[in-house]
Each structure stands twice: as structure tokens, then as C-alpha cells.
Amino acid sequence: MSNIAPIQGFVAPGFEGAREAFADNFRREGDYQEVGAALAAYHRGRLVVDLWGGWADAARTRPWTQGTLVNVWSATKGATATALAALVDRGLLRYEYLVASIWPAFGQAGKAATTVGQVMSHQAGLPGFVEPTSIDDQFDFGGCVAKLERQAPAWPAGTQTSYHAMTFGWLAGEIIRRASGRMPGQVLAEEIAGPLGADVFIGLPEALEPRVAQILPPCGQPDPAGFDLPPAAMMALVNPEQDPASPNRRAWRAAQIPAANGQASAMGLARLYAALAGGGVLEGTRILSPTTVARMTAPAADRERRDQFLGFADCWGMGVALNRPGLYGPNPRAFGHSGWGGSFGCADPDAGIAIGYVCNQMGSELVGDPRTGPLCAAVLEAAGR
């Protein structure tokens, strides 16, 4: 049996280069050789790429299918940000609100002046936990929220930026819960993913378990001790505890971990970002107003500030990554979110492009997966012709 299952799906005329870029990832040597993956893209609201191939398990016995779901790690944050934006759009929330005005217990320990926008743009000073937090602890949404209520910020909110790798999810998720009375996964399902017909889930229904691909940990993992990071930024790496194999547990997939346990297909991410690229609407279904999309994707902090964890210029909107580092092509107005291991979703509103990509073989880099650039470039080049 061949180690590489045939690539299936279609590309619209002119987008053949996207198929080649996708196939190249299965042919590449080293840590980033694909096992199973899928790529989907929209151009001005029209599906132009829908490809999948490889295997959904390490034993290479389950072929990847069009509907295969996989843990997308921090690409989850883009979905969580969109769910919160829906509450802003419906008048239940504003980015300028003080978090403590809707979540009173958050205001303790020097956090009374923190705004929703500062939480959404990684400026809240809570990049990791002070109290030890294991993998199993993260399945307890309320317990993680309570720890963040008790915790003092590492800096006054709004004065610095450092990626809140995991804590972002419980912070944004509890704001969603307080504003709507619903858990973040429910808001995502009811306000965003359900209306769009997008397979993106936080808290995966058990009935969908057979569709989930096995996550394969990186071939080589970096040692956090080797990172030259400020102490506050290091919190995001070491506490809460992380294990790349955690998504292979049902308890992980069932939990509400709105920063990292999203289960999605490439098509699901592509449909989400196609709606955002279209000013909040796809195929006649509106999830956000153009005004809210513009607010969500506007820079949140001074361009000269640097993210302490990521090392490059502050690149955050309201929960989405702005394209200042150029991960999603040359357009600085592009935006999206990538996840540990390679999965990502992005939109270039000027080109009218939206891309979703998911994979199960995690790469070893925490930032800058080498599969992202060529895939984006191939789709954007075809759209520009």
C-alpha cells in the first residue's frame, strides 16, 4: 500500500497551482511531510479549491475524507473571536466595556479597569496561569475561569502585549457566557457555524467522534527552557501544561477550551473566513455587519509595540491576527489565525480570498509553519490572474 493516499477533490480552472502546492506538502521531506490534510478556498464567495488527501490516523488505515475533522489548536481563536463579535453585532456587548461590568468577579486583584478589547487583543496581562494547571484541569471551564478571577495581571492592562496562548479562551469564553447566557461553543454553533453550514466546533458532539482525525505530535519539540522570553511571556508556554497528544482524548474534544480545542474541517474554516472576507455574509447568510467585521480586524494597539511572546510588531485585532508578519500573503489587510501544528484560516478582503487548511501531522515550530506561505501564495496568485 502506498504511504500517500491519492489527493481528491477539485480546483476551479486557473487554481491548479493550489493543487500542486497542496501535493508538495505530501512530497516534502522531514518534519513537515503531510500524513493527512485538507485545503479549501473561496474567491469572492465562490468555492474554488476543495482538496483532501492522506490518512486520518498514524497507522494509515483511515483515509482522510472531505468531512474529516481535526483539532486546529489556536486556529480555534478566530472562531471564538467571531462568536464574540456576533454578540457585539447584536448589541449584547461592546469591546469598550469594562470586563468587570458584566463579570464582576473579574475586577479583583487589580483588573477593574480591563476592557473586553484588551482581553481580545492579548493586552490583559494574563498570558498564563499563576496557579499550577494540568491538562485535566483545563477540562473544567469554571475552574479555569475562577483562577483567572483570582489572578493579578503581570502588567497594567493595555500597556503591554503578549500572546495569551491558552488563557485567551477562558477569558473570551466567560465574557461570551456572561453576555449571552450561553457557553462559547453554543454561541459559535448557533450564531456562526450553524447558519453558515461550517464544520467548526468547540465542545464536539459525541456523535461526530468517528469523523475526527488522530493528531500526530511533532517529530521534534522545542524545549521551553531554550526560549529567551520575558517571564510574563514564558507563562504562556509552561502553565497551563500542554501535551500535543491531548486532542486524541475524548475529554479534550468534549470540553470548552475556546483557545485551542476547536475541531474543524478545512471547508469549515474556509466558510467562516469567506463570510468575514465578504463583510460578514456568505451565500446570502449574514453573520456580522460590515461595521463589526471592520472593528474586529482593526489594529488594537500601537504599531511600534512588540508582542513579548511572538517577538514581532503587535499584530492583533479583536481576537484575530493581522497580517503584519506576512503569514497570509503580501496584503497587510489580510487577517486570520494559525494553530500550533500548522492548521489555519485566513481572509484577504481586498483579493476576496478565504482559505482553510487543516492537518494532523503537527510541525515542530511554534510560529511560522512552512506550509502556510506556499498554500496562501498559490491561491492568491491564481486569484490575481
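The values are calculated or read from the model by the stated rules, or taken from the named source; none is laboratory data. Note that the structure is a prediction, hence the values are computed from the model and not measured. Cβ coordinates were reconstructed from backbone atoms using ideal geometry, including for glycine residues, and neighbour counts include every protein chain displayed. Heavy atoms of the whole protein, side chains included, go into the accessibility calculation; ligands, DNA and RNA do not. Shrake-Rupley method; radii C 1.70, N 1.55, O 1.52, S 1.80 Å.
Over the stretch 37-156, what is the relative contact order in whole percent, taking alpha-carbon pairs under 8 Å and six or more residues apart?
Values: 118 pairs, mean separation 18.9, N = 120.
Relative contact order of the stretch 37-156: 16 percent.
For the chain, set up a Gaussian network in which alpha carbons nearer than 10 Å are linked by springs, and say which option among Asp228, Asp24, Asp350 fluctuates the most.
Asp228
Explain nothing, just the number: relative contact order of the chain, from Cα pairs under 8 Å at least 6 residues apart, as a whole percent.
25 percent
Which whole-number percent is the relative contact order of the stretch 288-385 (Cα, under 8 Å, 6+ apart)?
This gives 18 percent for the stretch 288-385.
On a 0 to 90° scale, report how tilted helix 141-150 is relative to the longest principal axis of the chain, with both axes built from alpha carbons and the result rounded to the nearest 10.
40 degrees
Determine the distance separating the Cα centre of the stretch 24-64 from the Cα centre of the stretch 313-385; give it in Å without decimals.
16 Å
When the chain is modelled as a GNM with alpha-carbon springs shorter than 10 Å, which of Ala245, Ala38, Ala59 fluctuates the most?
In the Gaussian network model the winner is Ala59.
Rounded, prolate or oblate, given the Cα gyration tensor of the stretch 172-247, with a/c below 1.5 counting as rounded?
It is oblate, given that a/c is not under 1.5 and a/b is not larger than b/c.
Working only with C-alpha atoms, what are the Rg and Dmax values of the stretch 127-265, expressed in angstrom?
Spelled out, the Cα radius of gyration and Dmax of the stretch 127-265 are 15.9, 45 Å.
Given the -39500 (n - 2.57) contribution per DSSP H run of 4+ residues, what per-residue ellipticity at 222 nm results for the chain, rounded to the nearest 500 deg cm²/dmol? Intermediate values should be presented prior to the final figure.
Working: 12 runs with 108 residues, N = 385.
The helix-only estimate for the chain comes to -8000 deg cm²/dmol at 222 nm.
With charges only on Cβ, +1 for K and R and -1 for D and E, what is the dipole size of the chain about its Cα centre, in debye, rounded to 20?
It works out to roughly 780 debye.
Can you give the local net charge around Ala105? Use residues other than it whose beta-carbon is closer than 15 angstrom to its beta-carbon, Lys and Arg +1, Asp and Glu -1.
It works out to a net charge of +3.
Pick out, in residue order, every one of the GluC sites (Glu not before Pro) in the stretch 1-102 that is DSSP loop and has at most 14 other C-beta atoms within 10 Å; say none if there are none.
Listed in order of number, the matching sites are Glu29, Glu96.
Which length gain, in nm to one decimal place, applies between Arg90 and Arg60 when the Cα-Cα distance is subtracted from 0.36 nm times their residue separation?
Working: separation 30, 0.36 × 30 = 10.80 nm, distance 4.54 nm.
The Arg90-Arg60 span can extend by a further 6.3 nm.
Between Ala146 and Phe10, with labels modelled 7 Å along Cα→Cβ, what's the label distance in nm to one decimal, could you check?
Each label point lies 7 Å from its Cα, and together they span 5.3 nm.
Against the longest principal axis of the chain, how steep is helix 76-89, in degrees 0 to 90 to the nearest 10, with axes from Cα atoms?
It works out to around 60 degrees.
Around Pro258, with a cut-off of 11 angstrom between Cβ atoms, what is the net charge of the other residues, counting Lys and Arg +1 and Asp and Glu -1?
Working: positive: Lys77, Arg177; negative: Glu174.
So the environment of Pro258 carries a net charge of +1.
Over the heavy atoms of Lys147, what accessible area does a 1.4 Å probe trace out, to the nearest 10 Å²?
The accessible area of Lys147 comes to roughly 30 Å².
First check a/c for the stretch 196-292, with a ≥ b ≥ c the square roots of the eigenvalues of its C-alpha gyration tensor; if it is under 1.5, answer rounded, and if not, answer prolate when a/b is larger than b/c or oblate otherwise. Walk me through the numbers on the way to the answer.
Working: a/c = 2.56, a/b = 1.50, b/c = 1.71.
Judged from the Cα gyration tensor, the stretch 196-292 comes out oblate (a/c at least 1.5, b/c at or above a/b).
Apply the a/c threshold of 1.5 to the C-alpha gyration tensor of the stretch 1-144 and tell me whether it is rounded, prolate or oblate.
prolate
How about the stretch 193-254: which chymotrypsin sites (Phe, Trp or Tyr not before Pro) there lie in a loop by DSSP and see at most 16 other Cβ atoms within 10 Å?
For chymotrypsin sites (Phe, Trp or Tyr not before Pro) across the stretch 193-254 that sit outside H, G, I, E and B with at most 16 neighbouring Cβ atoms in 10 Å, the list reads Phe227.
Return one number: the angle in degrees, 0 to 90 and rounded to the nearest 10, between the long axis of the Cα atoms of helix 16-27 and the longest principal axis of the Cα atoms of the chain.
80 degrees
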